[in-house]
Amino acid sequence: MTSKQIAENYLISGTAKADIPKGRMFLLAILAGAFIALAGVASTIGSALLGKMAGALIFPAGLAMVVVMGSELFTGNNLMIIPALEKRLPVKKLLAAWLVVYLGNLAGSVLIAAMTV
(Lines give C-alpha, C1' and ligand atoms only; values in the text may rest on other atoms or scores of the structure.)
Protein backbone atom coordinates (compact mmCIF):
# COMPACT_ATOMS: atom_id res chain seq x y z
CA MET A 1 0.00 0.00 0.00
CA THR A 2 1.43 3.38 -0.96
CA SER A 3 1.57 6.34 1.40
CA LYS A 4 -1.00 8.12 -0.78
CA GLN A 5 -3.42 5.19 -0.35
CA ILE A 6 -2.83 5.18 3.40
CA ALA A 7 -3.56 8.91 3.58
CA GLU A 8 -6.74 8.42 1.55
CA ASN A 9 -7.78 5.64 3.93
CA TYR A 10 -7.41 8.05 6.87
CA LEU A 11 -9.55 10.60 5.05
CA ILE A 12 -12.31 8.07 4.42
CA SER A 13 -12.27 6.42 7.84
CA GLY A 14 -12.01 9.72 9.73
CA THR A 15 -15.01 11.13 7.91
CA ALA A 16 -16.97 7.90 8.49
CA LYS A 17 -16.18 7.93 12.22
CA ALA A 18 -17.64 11.42 12.53
CA ASP A 19 -20.89 10.18 10.98
CA ILE A 20 -21.50 7.49 13.62
CA PRO A 21 -24.63 8.43 15.60
CA LYS A 22 -23.60 10.10 18.87
CA GLY A 23 -25.41 7.58 21.09
CA ARG A 24 -23.69 4.65 19.41
CA MET A 25 -20.37 6.50 19.47
CA PHE A 26 -20.74 7.13 23.21
CA LEU A 27 -21.53 3.48 23.91
CA LEU A 28 -18.55 2.31 21.83
CA ALA A 29 -16.37 4.82 23.68
CA ILE A 30 -17.55 3.54 27.07
CA LEU A 31 -16.58 0.04 25.98
CA ALA A 32 -13.14 1.18 24.85
CA GLY A 33 -12.52 3.00 28.13
CA ALA A 34 -13.59 -0.10 30.04
CA PHE A 35 -11.37 -2.40 27.94
CA ILE A 36 -8.29 -0.24 28.51
CA ALA A 37 -9.07 0.10 32.22
CA LEU A 38 -9.54 -3.67 32.55
CA ALA A 39 -6.21 -4.21 30.84
CA GLY A 40 -4.63 -1.72 33.23
CA VAL A 41 -6.03 -3.54 36.25
CA ALA A 42 -4.96 -6.94 34.90
CA SER A 43 -1.52 -5.56 34.04
CA THR A 44 -1.07 -4.16 37.52
CA ILE A 45 -2.07 -7.45 39.11
CA GLY A 46 0.20 -9.36 36.74
CA SER A 47 3.11 -7.06 37.56
CA ALA A 48 2.55 -7.45 41.30
CA LEU A 49 2.24 -11.23 41.20
CA LEU A 50 4.49 -12.26 38.34
CA GLY A 51 6.81 -9.35 37.60
CA LYS A 52 7.02 -6.37 35.28
CA MET A 53 7.38 -8.45 32.14
CA ALA A 54 4.06 -10.18 32.80
CA GLY A 55 2.37 -6.82 33.26
CA ALA A 56 3.87 -5.56 30.01
CA LEU A 57 2.61 -8.65 28.19
CA ILE A 58 -0.91 -8.38 29.63
CA PHE A 59 -1.68 -4.70 28.93
CA PRO A 60 -1.84 -4.93 25.10
CA ALA A 61 -4.89 -7.18 25.49
CA GLY A 62 -6.88 -4.01 26.17
CA LEU A 63 -5.96 -2.54 22.82
CA ALA A 64 -6.69 -5.86 21.16
CA MET A 65 -10.18 -5.82 22.68
CA VAL A 66 -10.72 -2.27 21.40
CA VAL A 67 -9.69 -3.26 17.87
CA VAL A 68 -11.62 -6.55 17.78
CA MET A 69 -14.82 -4.99 19.12
CA GLY A 70 -14.54 -1.90 16.91
CA SER A 71 -14.95 0.42 19.88
CA GLU A 72 -13.93 4.09 19.89
CA LEU A 73 -10.72 5.07 21.68
CA PHE A 74 -9.86 8.78 21.90
CA THR A 75 -6.22 8.27 20.97
CA GLY A 76 -7.21 6.64 17.67
CA ASN A 77 -9.78 9.32 16.97
CA ASN A 78 -7.07 11.98 17.06
CA LEU A 79 -6.26 10.92 13.49
CA MET A 80 -9.59 12.48 12.51
CA ILE A 81 -7.63 15.72 12.32
CA ILE A 82 -6.40 14.62 8.88
CA PRO A 83 -9.78 14.89 7.11
CA ALA A 84 -10.46 18.12 9.03
CA LEU A 85 -7.22 19.64 7.75
CA GLU A 86 -8.13 18.53 4.24
CA LYS A 87 -11.52 20.29 4.59
CA ARG A 88 -13.44 17.01 4.24
CA LEU A 89 -14.66 17.10 7.84
CA PRO A 90 -16.07 20.23 9.48
CA VAL A 91 -14.14 21.23 12.60
CA LYS A 92 -17.41 21.39 14.57
CA LYS A 93 -18.12 17.71 13.74
CA LEU A 94 -14.55 16.77 14.66
CA LEU A 95 -14.74 18.48 18.04
CA ALA A 96 -18.16 16.97 18.77
CA ALA A 97 -16.85 13.47 18.00
CA TRP A 98 -13.77 14.04 20.13
CA LEU A 99 -15.88 15.24 23.05
CA VAL A 100 -18.29 12.30 22.87
CA VAL A 101 -15.47 9.75 22.65
CA TYR A 102 -13.40 11.39 25.38
CA LEU A 103 -16.33 11.49 27.78
CA GLY A 104 -17.28 7.90 26.89
CA ASN A 105 -13.71 6.68 27.51
CA LEU A 106 -13.72 8.53 30.81
CA ALA A 107 -17.05 7.00 31.82
CA GLY A 108 -15.91 3.48 30.94
CA SER A 109 -12.65 3.80 32.83
CA VAL A 110 -14.32 5.32 35.89
CA LEU A 111 -16.86 2.48 35.88
CA ILE A 112 -14.09 -0.12 35.96
CA ALA A 113 -12.19 1.85 38.62
CA ALA A 114 -15.33 1.97 40.79
CA MET A 115 -15.91 -1.75 40.33
CA THR A 116 -12.27 -2.49 41.17
CA VAL A 117 -12.28 -0.42 44.34
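The values are calculated or read from the model by the stated rules, or taken from the named source; none is laboratory data. Predicted, not measured: the structure shown is a model, and the values here were computed from it. Neighbour counts run over all protein chains shown; Cβ positions are idealised from the backbone, glycine included. Just the protein is used for accessible areas: all its heavy atoms, side chains included, with ligands, DNA and RNA removed. Shrake-Rupley method; radii C 1.70, N 1.55, O 1.52, S 1.80 Å.
Return yes when ALA42 is of a type outside the set (Val, Ile, Thr), touching a Ser or Thr at 6+ places or on another chain (Cβ under 8 Å) and in a helix (DSSP H, G or I) and no when it is not.
No; evaluated as a whole, the condition is false for this residue.
I'm checking my understanding of the structure. Among residues of region 56-95 that are surrounded by 19 or more Cβ atoms within 10 Å (Cβ to Cβ), in contact (Cβ under 8 Å) with a residue 40 or more places away in the chain and under 10 Å from the mean Cα position of the chain (by Cα), which one is nearest to SER13 (Cα to Cα)?
Filtering region 56-95 for residues that are surrounded by 19 or more Cβ atoms within 10 Å (Cβ to Cβ), in contact (Cβ under 8 Å) with a residue 40 or more places away in the chain and under 10 Å from the mean Cα position of the chain (by Cα), the one nearest to SER13 (Cα to Cα) comes out as ASN77.
Checking LYS17 against (1) open to solvent by 30 Å² or more (accessible area, probe 1.4 Å); (2) assigned to a loop (DSSP other than H, G, I, E, B); (3) among the charged types (D, E, K, R), only one condition comes out false. Which one?
Of (1) open to solvent by 30 Å² or more (accessible area, probe 1.4 Å); (2) assigned to a loop (DSSP other than H, G, I, E, B); (3) among the charged types (D, E, K, R), only one is false for LYS17: (2).
Mind listing just one residue for me: the one in region 20-39 that is among the β-branched types (Val, Ile, Thr) and part of a helix (DSSP H, G or I) and, of those, farthest from ALA97 (Cα to Cα)?
Restricting to residues being among the β-branched types (Val, Ile, Thr) and part of a helix (DSSP H, G or I), the top hit is ILE36.
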